[in-house]
Amino acid sequence: MSSPAHTETSPDDEVVIRGSIERITYHNSENGFSVLQLRVLEQTELIPVVGAVADIQIGQELVVRGSYTEHPKFGRQIKAASIEVSTPTTPEGIERYIGSGLIKGIGPKTAARIVERFGNDTLEIIHNYPEKLARVPGIGRHKAKLISAAFADQKEAGEVMRFLVERNISTGLASRIYKMYGTKSIEVLKRDPYLLAREMKGIGFATADSLALNLGLATNSPQRLKAGVYYALERARDDGHCYLPEEHLLARAADLLDIEDPVTLLPHIASLVQERFLHRSEEKIYLEALFHAEQFVAQFVAARCKPFEMERISIAQINHSLEKAAKELGITFSTEQRQAVYYATQFPLLVLTGGPGCGKTTVIKALVATFQDAKCNLALAAPTGRAAQRMAQVSSMPSRTIHRLLRFDPLTGGFIHGINDPLEVDGEPVDVVIIDEASMIDIQLAKDLFSAIPPGATLILVGDKDQLPSVGPGRVFGDLLSVPEVQSISLSQLFRRSQESTINSIAHNINAGIVPDIPQPDGETKVDAYFLPKRDAEDAAALVEKLVADQLPKKFGFHPSDIVVLTPSNRGPLGTAQLNERLQTVLNPDQTGTKAQEIQLPSGLTLRYQDRVCQRVNNYNLDSIGVFNGDVGTIYEVNPADRTLTVELWDGRLINYDKKAVGQLSHAYAMTVHRSQGSEIPCVVLVLHESHYTLLERQLIYTGVTRAKKLLVVVGSPKALKIATQRMSAKRRCTALHERISSSALKRFSLE
């Protein structure tokens, strides 16, 4: 097959390749990343090209600018700086192009008939004279119009891509923009380029601002200033804040917009409030949705601060249930634990907290036993799959994630259960809802959960107030515990087995701000926690690798799958990215040619058969009940040909990942402490180093330590351990939930 294509080399070693697409090895429709094989004139071998391009088809002609690189596995290829789609100019190229599956119903044979009739004029006929195209046997008027419309869309797509790339937008980002806004992309962006920051995940204000200024928008335009204010508040939300004081918002926005006088932004805050993008409550400025979420949660809680008017379960019945449960479990309930069960039967809302070894799990067992004896409809849930699975094991009854409990509806982007459709069990309204690991619930999820609780039902929130707060905005669990009107129980009694645990002693010392004296291995003393000092980050990484792959399995009998490395950060030699790469190399090395097949993602990540992986985002379309951020499993099967794989989650489900969903996975040999929340891990290797300086703080290290069930090994520097223990920062969030609950409760009580 001939093609008017050739290779040019410029003085700075940039190459320009002109050729037609012979094969599409890989194409990511989300960001345009592609691996292509190009047919170039007078060259017998295909040329591999790696780069970003939107809406490609076999037979299309491309102009590729880039440079040759040597891939360690795939060999010599061109890494493209830019890829431009050009119209095929030869009959052969046109025939392959239109017969490549671009239009449903147009295969190679029909394409051959069209090109045979119109030759080099084929595309002109398709674009402008569909009535002539209809005369080709097998086409007809209807199909001719469909073909013409499809090619018009292709032409507009090319124009949109050129428009964006010419304004310094990367090809990958341009592909994402076109995917979201289609042929209206140029019109939308000219009207409001800051939509990118508001509506497209991963695109910040800086990118949208650069495009806006490229389009000629003035730096002091109201459009830009309002976008800066709004984005500054969004960033505050991502930092965990429900609101910002007005002066703080002005300072943040002025810094973002590079404005000397923050006061000039006041009219734009007022405008955003009037347009209902923001909400003002005295000097507090909220995103509209967060204000209403906080207000709803406060009103819900305030309405549940007093005990039920009528006794739900008698004291005699409670005592009988507790005695029976104590006999079955072979334990004696403490006064605190018995009191927790009593309060749970008397109040519509109970908040239960306690550190490791204080008996939260035992109380959950007692609560389940008591309510089951009383024939109540129970629903159990937790924020993560691992926590829900553990809750089901200890309670001997089903437990789900909160998202599954509320039944997320991907069509509406909301939950099926809510105010108009409260939670049910077997068609009957739920009587009691118990939520474990409740410290992970942010203000928005709290609003969704609380709105689904039937008016007469009991809600019990169980958690550890000293763990990291939710990743999302707010500090719901901590705020509820700080309000005197909210009924709560704090379990403080350590049981004997826990008192002998070094892990729990370390956790309680950290919680008290006391730098723990973690024993170093001496070859004789046997404890369940050790400290291995390493000041150099590279030495620490090498030690982590040796511990996981060799020493811990040999000396303590742990299977590598029972060992998880926890670290504060994703970046650096002691971040998850590099640690996962090292651990994959030693735990699941490349076995090309065997059953251990693999897929390489555009990010460079290689996923192999038997790799331990973690889901990074909620995906409600995978499986019948979805797969959620933090779900962990093992790759069960890999299909390199179609770039799909199957993961066996730790709850036993087999999940099939298509080409698009595969990119939502990451390795899970090492995880951030935040991502590990809600998990119980047999053996934890916790990395603490001065390179993590900005992330080191008490709640983070406490959370990491308390993930370990049987063995904890801390690797790092004593200085980092000291900094983390003595620094308190995670609790400083702007939330008004405490004062709203108190205010609402006082109003309600005064009316009563």
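Here are a few things to note about the model shown:
- Answer from 577, 549, 542 - the residue that is outside any loop (DSSP other than H, G, I, E, B) and closer than 26 Å to residue 699 by Cα: 577
- Hits in region 178-228 - residues which are of a type in the set (Asp, Glu) and open to solvent by 20 Å² or more (accessible area, probe 1.4 Å): 187, 192, 199
- Region 508-521, subset within 33 Å of the chain's Cα centre (by Cα) and among the β-branched types (Val, Ile, Thr), residue least open to solvent (accessible area, probe 1.4 Å): 510
- Criterion applied to 505, 490 was being in a strand (DSSP E or B) and either of a type in the set (Lys, Arg) or open to solvent by 10 Å² or more (accessible area, probe 1.4 Å) (or both), and the one residue passing it is 490.
- Residues considered: 185, 175. Of these, the only one that is touching a residue at least 40 places away in the same chain (Cβ under 8 Å) and either assigned to a helix (DSSP H, G or I) or under 24 Å from residue 211 (Cβ atoms) (or both) is 175.
- Residue match in region 437-450 (condition: in contact with a strand residue (DSSP E or B) (Cβ under 9 Å, 6 or more places away or on another chain), assigned to a loop (DSSP other than H, G, I, E, B), open to solvent by less than 20 Å² (accessible area, probe 1.4 Å) and farther than 23 Å from residue 366 by Cα): yes
- Selection over region 402-429 of residues that are of a type outside the set (Asp, Glu), farther than 26 Å from residue 630 by Cα and part of a strand (DSSP E or B) gives a count of 2.
- Residue within region 211-220 that is in a helix (DSSP H, G or I) and out of contact with any helix residue (DSSP H, G or I) (no Cβ under 7 Å at 6 or more places or on another chain) present: yes
- Selection count where residues are under 19 Å from the mean Cα position of the chain (by Cα) and open to solvent by 10 Å² or more (accessible area, probe 1.4 Å), scope region 653-666: 7
- Taken over region 32-55, the criterion of being under 12 Å from residue 22 (Cβ atoms) and either open to solvent by less than 30 Å² (accessible area, probe 1.4 Å) or in contact with a strand residue (DSSP E or B) (Cβ under 8 Å, 6 or more places away or on another chain) (or both) is satisfied by 36, 37, 38, 39, 40, 43, 46, 47, 48, 49.
- Note on region 611-645: residues that are surrounded by 15 or more Cβ atoms within 10 Å (Cβ to Cβ), of a type in the set (Ser, Thr, Tyr) and over 16 Å from residue 668 (Cα atoms) amount to 2.
- Pairs where the first residue, in region 556-582, is closer than 22 Å to residue 725 by Cα and the second is among the basic types (Lys, Arg) and not in a helix (DSSP H, G or I), C-beta under 8 Å, 6+ apart: 564/707; 566/707
- Listed by first and then second residue, the pairs linking a residue in region 390-402 that is β-branched (Val, Ile, Thr) to a residue that is in a loop (DSSP other than H, G, I, E, B), with Cβ atoms under 6 Å apart and 6 or more places separating them unless they lie on different chains, are 401/628; 402/383.
The values are calculated or read from the model by the stated rules, or taken from the named source; none is laboratory data. Predicted, not measured: the structure shown is a model, and the values here were computed from it. Neighbour counts run over all protein chains shown; Cβ positions are idealised from the backbone, glycine included. Quick note on the areas: whole protein, heavy atoms, side chains included, nothing else; ligands and nucleic acids left out. Shrake-Rupley method; radii C 1.70, N 1.55, O 1.52, S 1.80 Å.
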